[in-house]
Structure formats: C-alpha cells, structure tokens
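The structure appears right after this line, and notes come after that.
The values are calculated or read from the model by the stated rules, or taken from the named source; none is laboratory data. Everything numeric in this text was worked out from a predicted model, so none of it was measured. So basically every Cβ, Gly included, is an ideal-geometry build from the backbone, and we count neighbours across all protein chains shown.
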Amino acid sequence: MKTAIIYYSKHHGNTKKLLDAIVETNPDIQLIDITEKHEVNLCKYDRIGIASGIYFGKFAKQILTFAKINLPEYSKVFFVYTYGSADKKTYTKEIKKIVKDLYCDIVGEFGCPGFDDFGPLKLFGGLQKEHPTVDEINSAVEFYEKVKETTNALITKRKLRKKLELGTCN
C-alpha cells in the first residue's frame, strides 16, 4: 500500500525531523515538499499524510492551498504537525474542513512541540527549545505504524467487500 506525505516545514524544520524519522523506518513513503512541487497526482496513494508546522494557530497557508487543489476525494488522510504554543484545540480545524469537504477519511493525527523563535519570541530565546525530542520523534514513528495498520485493515475490508459484491470471491 502506497503512502505519500505532503509537507511544509520552513522555520526550523521541526516537522521535517518527524517525517525523516518516519521515512527512515518506512523508506517506501513518498515525501513531497510542496515548496518544490505545486501540483502532484496523489490518486495513486492509499494513504496521504498532510504535515506542517503551525503558523498563527493553523497549518501553513501553503499546505492548505495545496490540499484544496491536489487532494483526491475519498482519500485516507492523516496529519502530522509541530507547534510552538500549547493551544492545540484549533490547529487542525481548517485542514480538517478541507479534508472533510473532499469526503476523505481522517485516520489519525499527531502533534508535538517544536522549537519556535518567530518574531518577538526571539527576544526571549524562543519556546519549546530542544523540541521535538527523541521521545517525540519516536512517538511520531509509532503513530505512523498505527496509521498503517488501521488503513491496511480498512483497505483490505473494502477490497474484500468489492469482491463479494462482484461475486469474484469464493
């Protein structure tokens, strides 16, 4: 089963650190840096990750726009993100709306702190220094393994149901 993760990780590369660890244990994943590719055919993927740092309380506007244009309907989608402040309640609100408007299934989300010294935070040395930690990075890898298990089971059930409907399953 094929996985692509579209991502935007600019400020300190916090989100990319998580993705690199996930890909290290799952080298078949296609990482797509949306700053390098603006249009991608994602239809061939069974799972699509959307990853971003949190900018002003939400996923980067670039990833939101990219998802609106490129995300296929009815996809299995998961989120990975890093944040500087701890108000996680609204971080995925806008991306979830985009995904739900495309009738996609959200199969999980993982967020953890990331170092942030944007703007005035720089004067104070920033927030969430030393993040993501090794434990947080390992948790991101474990999260993806669970996403993989869940989506494999869902996709297998769907394929079996299709075979039964077509009468091609004994």
When region 35-89 is checked residue by residue, the ones that are among the small types (Gly, Ala, Ser) and either more than 19 Å from residue 155 (Cα to Cα) or crowded, with 24+ Cβ neighbours inside 10 Å (or both) are 49, 51, 52, 53, 57, 60, 67, 84, 85, 86
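This table checks each residue for (1) modelled with pLDDT of 95 or more; (2) in contact with a strand residue (DSSP E or B) (Cβ under 7 Å, 6 or more places away or on another chain).
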| residue | (1), (2) |
| --- | --- |
| 55 | no, no |
| 96 | yes, yes |
| 99 | yes, yes |
| 119 | no, no |
| 122 | no, no |
| 127 | no, yes |
| 134 | no, no |
Reported set for region 9-28 where residues are free of Cβ contacts under 8 Å to residues at least 40 places away in the same chain, farther than 14 Å from residue 143 by Cα and not acidic (Asp, Glu) is 13, 16, 27
For region 17-31, give me each residue that is surrounded by fewer than 19 Cβ atoms within 10 Å (Cβ to Cβ) and closer than 23 Å to residue 69 by Cβ. 30, 31
What strands (runs of 3 or more DSSP E) completely inside region 1-112 contain at least 3 residues that are of a type in the set (A, V, I, L, M, F, W, C)? 3-8, 47-55, 76-83
